[in-house]
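Trainee: Here you go, one structure.
The values are calculated or read from the model by the stated rules, or taken from the named source; none is laboratory data. The structure presented is a predicted model; accordingly, all values stated were derived computationally and were not measured. Neighbour counts run over all protein chains shown; Cβ positions are idealised from the backbone, glycine included. In case anyone asks, the SASA skips ligands and DNA or RNA and just uses the protein heavy atoms, side chains included. Shrake-Rupley method; radii C 1.70, N 1.55, O 1.52, S 1.80 Å.
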Amino acid sequence: MVKKVLYHGSANIIEQPVYGAGKPYNDYGRAFYCTEHIELAKEWACNEGADGYANKYELDADGLSILNLSGKEYTILNWLAILLDNRTARAASPVEKRGKEYLLENFLPEYRHYDIIIGYRADDSYFSFARAFLANTISLSQLSYAMRLGKLGEQYAVVSERAFSRLKFIDCLAADNTVYYHRRKSRDDEARVAFHKEMEKDDMDGIFLRDIIREGMRDDDARLRQYLS
């Protein structure tokens, strides 16, 4: 990837994204979050009763360091560990607390020195799927299935000051909330319904977080890698 067209959904036109202005507790920390897909950006831009914009940029990624969490060397547990390292939600039980600690100790990659991070987007409903895995309510395979629901795709987190300097504003495209808020809500509702159907299944042979902890599985565990593949 050298030059990439990306979109950022917002209530505002953002000609010059400001380094350091984002919220620190987003998925990958303080960053400028984008997508390759204009339709998704328009959905992200709209709240109920409020129109928005899909801001269009060209990113010159030549020479930038990129962490792609969809690469073969990473698993969904690496993504989840980064999410837990940034999100502020408190563990609801000792089980969740222990699970969070274990994932951070054994599956958290060195991600903070990268210019760009590519990975799943976790809005509120998708974060609830992750919390269900932490609580041992769903298996690893069910979590992997859940993260594909709704087809949110990947997001690009522009992290470093150097990466911010490589963003060039191209255009902004209006997003009508009467169209795109409905699509966003429908996508979320469908994902939740499908998730609850999946939760009704008894995954007797699945790997749960308690199994990972009990067996002392680490990031390079062949059993875990084979299972995820």
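Trainee: Give all pairs with beta carbons closer than 9 Å in which a residue from region 128-143 that is at positive phi and open to solvent by 10 Å² or more (accessible area, probe 1.4 Å) meets a residue that is assigned to a helix (DSSP H, G or I) and hydrophobic (A, V, I, L, M, F, W, C); count only pairs at least 6 apart in sequence or on separate chains.
Mentor: N136/V95; N136/L209
Trainee: Looking only at region 1-50, how many residues end up being aromatic (F, W, Y) and in a loop (DSSP other than H, G, I, E, B)?
Mentor: 3
Trainee: Separate question: Count, please, the residues in region 192-202 that happen to be open to solvent by less than 70 Å² (accessible area, probe 1.4 Å) and either more than 20 Å from the chain's Cα centre (by Cα) or hydroxyl-bearing (S, T, Y) (or both). Step through it out loud before you land on a result.
Mentor: In the first step, residues of region 192-202 are kept if they are open to solvent by less than 70 Å² (accessible area, probe 1.4 Å); the result is 194-195, 198-199.
Cutting the leftovers down to either more than 20 Å from the chain's Cα centre (by Cα) or hydroxyl-bearing (S, T, Y) (or both) gives us 198-199.
Of the residues in that region, 2 qualify.
Trainee: Name the single residue that is modelled with the lowest pLDDT among those in region 41-92 being surrounded by fewer than 17 Cβ atoms within 10 Å (Cβ to Cβ) and of a type in the set (V, I, T).
Mentor: Among those that are surrounded by fewer than 17 Cβ atoms within 10 Å (Cβ to Cβ) and of a type in the set (V, I, T), it is T88.
Trainee: Quick one: in region 171-186, of everything that is loosely packed, with under 13 Cβ neighbours inside 10 Å and touching a strand residue (DSSP E or B) at 6+ places or on another chain (Cβ under 8 Å), which residue is nearest to G20 (Cα to Cα)?
Mentor: Looking at the filtered set, the residue picked out is D171.
Trainee: Can you list residue pairs whose Cβ atoms sit under 8 Å apart, with the first residue in region 158-180 being within 21 Å of R121 (Cβ to Cβ) and the second being of a type in the set (V, I, T) and in a helix (DSSP H, G or I)? Count only pairs 6 or more apart in sequence or on different chains.
Mentor: L173/I38
Trainee: Hey, another quick one. Could you identify the single residue in D189, D221, D205 that is more than 20 Å from the chain's Cα centre (by Cα) and open to solvent by 40 Å² or more (accessible area, probe 1.4 Å)?
Mentor: D205
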